[in-house]
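Read through the structure below, which is laid out as structure tokens, and then see the notes.
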Amino acid sequence: MSQSLFLRTLSSETLPKPPLWMMRQAGRYLPEYRELRAKAGGFLELCYNPDMAAEVTLQPIRRFGFDAAILFSDILVIPHALGQKLWFAQGEGPRLEPVADESRFGEIREEIDPDVLAPVYETVRRVKAALPAGTALIGFCGAPWTVATYMVAGRGTPDQGPAKDLFQRDPALFARLIDRLVVNSADYLNAQISAGVDVVQIFDSWAGSLGPDDFKRWCIEPTQRIVDLVRVRHPQAKIIGFPRGAGTGIPDYVRGTGIDAVGLETEIDRDFVRKAIQTLVPVQGHLDPQVLRAGGPELDREIAAIRAAFGAGPFVFNLGHGILPDTPIAHVERLVELVRA
Ligand code: CP3
């Protein structure tokens, strides 16, 4: 079978038209997702039901023919499998019982409970069997820093204050939490690859909230350890890093972690990307999800500008962050049409 365009790009080939997928491409902007989500009852029930999770993963592939599918799951299944209570309150995002001191940390498991994550690997096997040839399958985990911000605060936070408080107050405890996430996230990615994913992406959504020293300590180094642990088991695996908001710190992140490709946030300077990042690794990004939602001539202009900026090197077209739930489907269709044109 000929290699998918997406995998060829991750191997540093420059193609005439970039491969395309979208972060959060399975989700609430799709009526067929909302229907299944209502049937499942809860979001976690959907993640842990291989039939439904596989179906949701395939929905955007059927509708838009993207070059890659991304496993339907969530970064917070790792804390959940480590025994932390997790629930999704309607309209409020994720909630966890905070782990912010020694005694709460003591209640967290050393290793993930394999029974919790077994349905995720079953989803991978089913999706893999159903995908058209040439469509790659992406697995993922959250980076330790980003997952820790949710574990410590018990919810999403605007400034990651509780996690920052903890690493200032008790850096040794925070380091043990990060270490636990490194080892278990690597195991989780290795199991996804063994089950059939072609590529994994490490989401560090809050990488941009740390100064340079903390970025190195809590984002680059833990991610590098995950990359090493995955490469020991799966030397050929392609690994994409997404240190959202890291900006001018991205070249250090790329060199320090050894990842194969990097996702770009919307805000980053395109000349900087061309000169300082795309010379190191293939890049992926970075259409503003709000521009996609708004549509119209601005959407057409931005798609053309991004293709012009990055098309001369290895490049995967994507968004700078997840698609917004109220994005019209016609705008996604326009995106596909223009990227394929
Ligand atoms: O990209 C995909 O389509 C694959 C599935 C995926 C989800 N979450 C599904 C989801 C992926 C890759 C994620 C990653 C994720 N989850 C991140 C990192 C990327 C990012 O967006 O920054 C983070 C920080 C989380 C944690 C999380 N999960 C939050 C903050 C929320 C609530 C925000 C929201 O959009 O509601 C979730 C819930 C979630 N994860 C939904 C989906 C489709 C919505 C839940 C629903 O359907 O009710």
Discussion item. Can you go through GLU55, GLU35 and tell me which one is without any contact (Cβ under 8 Å) to a residue 12 or more places away in the chain and out of contact with any Pro (no Cβ under 7 Å at 6 or more places or on another chain)?
Written reply: GLU35
Worksheet entry | Those residues of the range 325-341 which are touching a Lys or Arg at 6+ places or on another chain (Cβ under 9 Å) and either crowded, with 17+ Cβ neighbours inside 10 Å or part of a helix (DSSP H, G or I) (or both), in sequence order | THR327, ILE329, HIS331, VAL332, GLU333, LEU338, VAL339, ARG340
Discussion item. Being touching a strand residue (DSSP E or B) at 6+ places or on another chain (Cβ under 9 Å), of a type outside the set (D, E, K, R), touching a residue at least 40 places away in the same chain (Cβ under 8 Å) and closer than 24 Å to GLY91 by Cα is the requirement here; does GLY139 meet it?
Written reply: no
Item to complete: Would you check if ALA68 is at pLDDT 95 or above, within 16 Å of the ligand (Cβ to nearest atom), touching a Pro at 6+ places or on another chain (Cβ under 6 Å) and within 30 Å of ILE306 (Cα to Cα)?
Response: no
Response to the item:
Of PRO94, PRO31, PRO18, PRO98, the only residue that is more than 18 Å from GLY196 (Cα to Cα), touching a Phe, Trp or Tyr at 6+ places or on another chain (Cβ under 7 Å) and more than 10 Å from the ligand (Cβ to nearest atom) is PRO18
Worksheet item: Among the residues of the range 156-197, how many are charged (D, E, K, R), part of a helix (DSSP H, G or I) and over 22 Å from GLU111 (Cβ atoms)?
Response: 3
Discussion item. Checking GLY83 against (1) of a type outside the set (A, V, I, L, M); (2) buried (at least 19 other Cβ atoms within 10 Å of the Cβ); (3) within 22 Å of ALA163 (Cα to Cα), only one condition comes out false. Which one?
Written reply: (2)
Worksheet item: Residues that are closer than 26 Å to LEU287 by Cβ, of a type outside the set (S, T, N, Q) and in contact with a helix residue (DSSP H, G or I) (Cβ under 7 Å, 6 or more places away or on another chain): which helices (runs of 4 or more DSSP H) entirely in the range 1-119 hold 3 or more of them?
Response: 31-40, 50-64
Worksheet entry | Qualifying position, being in contact with a Cys (Cβ under 9 Å, 6 or more places away or on another chain) and acidic (Asp, Glu), among ASP228, ASP204 | ASP204
Worksheet, complete the sentence: When the range 132-154 is checked residue by residue, the ones that are within 15 Å of the ligand (Cβ to nearest atom) and more than 26 Å from ALA175 (Cα to Cα) are THR135, ALA136, LEU137, ILE138
Worksheet item: Residues of the range 243-263 being in a helix (DSSP H, G or I), within 26 Å of VAL232 (Cβ to Cβ) and not polar (S, T, N, Q), which ones?
Response: ILE250, PRO251, ASP252, TYR253, VAL254, ARG255, GLY256
Worksheet item: Which one of ILE259, ILE240 is closer than 26 Å to SER4 by Cα, in contact (Cβ under 8 Å) with a residue 60 or more places away in the chain and either buried (at least 16 other Cβ atoms within 10 Å of the Cβ) or away from the ligand (no atom under 16 Å from the Cβ) (or both)?
Response: ILE240
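The values are calculated or read from the model by the stated rules, or taken from the named source; none is laboratory data. On a predicted model such as this, the values are computed, not experimentally measured, just so you know. Here Cβ is always computed from backbone atoms with ideal geometry, including for glycine, and neighbour counts include all displayed protein chains.
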